[in-house]
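First the structure, in the form of structure tokens, and then the observations on it.
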Amino acid sequence: MVTHTAGQVSYKDLIELWQSYPDLLLELARDHGVSDVAELGAGAKPLVGNADQWGFVNRRVAIDISADELAKTNSGVETQVADLCQPIATGHNSYDLVFSNTLCEHLADPRTFHENCFNLLRPGGLSVHFFPTLFAFPFVVNKLIPERLAHAVLSKIHRERLEHGKYDKFPAYYRWTSGPTRRAMKRFESLGFEVKEYYGTFGHNYYYQIPPLNASEFAKARFLLRHPVPALTSYAVVVLRKPERGR
């Protein structure tokens, strides 16, 4: 593992960042004494649905725009249907933690989404998000090509994702989904958030069926991990905090 740190910005190995995200959420929840948590864009398989891991919190809520996706859950958590790209007038100051997992790239209006996150949080609460970033090549292609064609390509390289009813393909916009650049941080700060941590990584597994290309991609990722360029990340995690009152 190679980790490069610069202030609130850290760069981690792809597998580590991906696999450690659920543990990061639990660690943050325990360290900050989280009582009420909402998973945004929770869909059919909310992480908060795992009572063995999340049973220490008082309230677990799965929020999604799709009632059909929420209906696929068998987790027993509280569910709420809401379009998070539209202003939400209720539930303000209700949560100590809100988070999402590969949702942000699908947001048509990320500013309103993050404003909703800010409003849903109590002062001192955390807003945490894992997302693929521009300008990794597969995500640039996914953004530019027609949705129909993107679906066809995905069916070839990740057929199992579409064959499994809980992993559908949704339109992707990649707005406000970049690596830990100063511009990205200023966007979140403009909404009132403090940027506590911004993790980036490099590389992806979309070439796994083409071994030479896959090997080249991971060689590039290892190089960038030692010499990071924020604009070239492939995935990121951002940890935002709503300031305490009076600050």
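The values are calculated or read from the model by the stated rules, or taken from the named source; none is laboratory data. This one's a predicted model, so the numbers in the text were calculated from it and none came from an experiment. Virtual Cβ from ideal backbone geometry, glycine too; neighbours counted across all protein chains shown. For the accessible areas, the whole protein counts, side chains as well, though only heavy atoms, and no ligand, DNA or RNA atoms are used. Shrake-Rupley method; radii C 1.70, N 1.55, O 1.52, S 1.80 Å.
Here are a few things to note about the model shown:
- Anisotropy class of region 17-56 from Cα gyration tensor, a/c 1.5 cut: oblate
- Summing Cβ point charges (Lys, Arg +1; Asp, Glu -1) relative to the Cα centre of region 27-119 gives a dipole of roughly 140 debye.
- Just so you know, the Rg over Rh for region 1-137 is 0.96, from Cα atoms, with Rh as the Kirkwood radius.
- Of the residues 56, 130, the one with the largest accessible area comes first in the ranking 56, 130, computed with a 1.4 Å probe on protein heavy atoms.
- Heavy-atom accessible area order for 63, 210, largest first, 1.4 Å probe: 210, 63
- Qualifying GluC sites (Glu not before Pro) for region 195-246 [loop in DSSP, other Cβ within 10 Å: at most 15]: 244
- Shape annotation for region 73-125: C-alpha extents along the principal axes are 31, 27, 19 Å, from largest to smallest.
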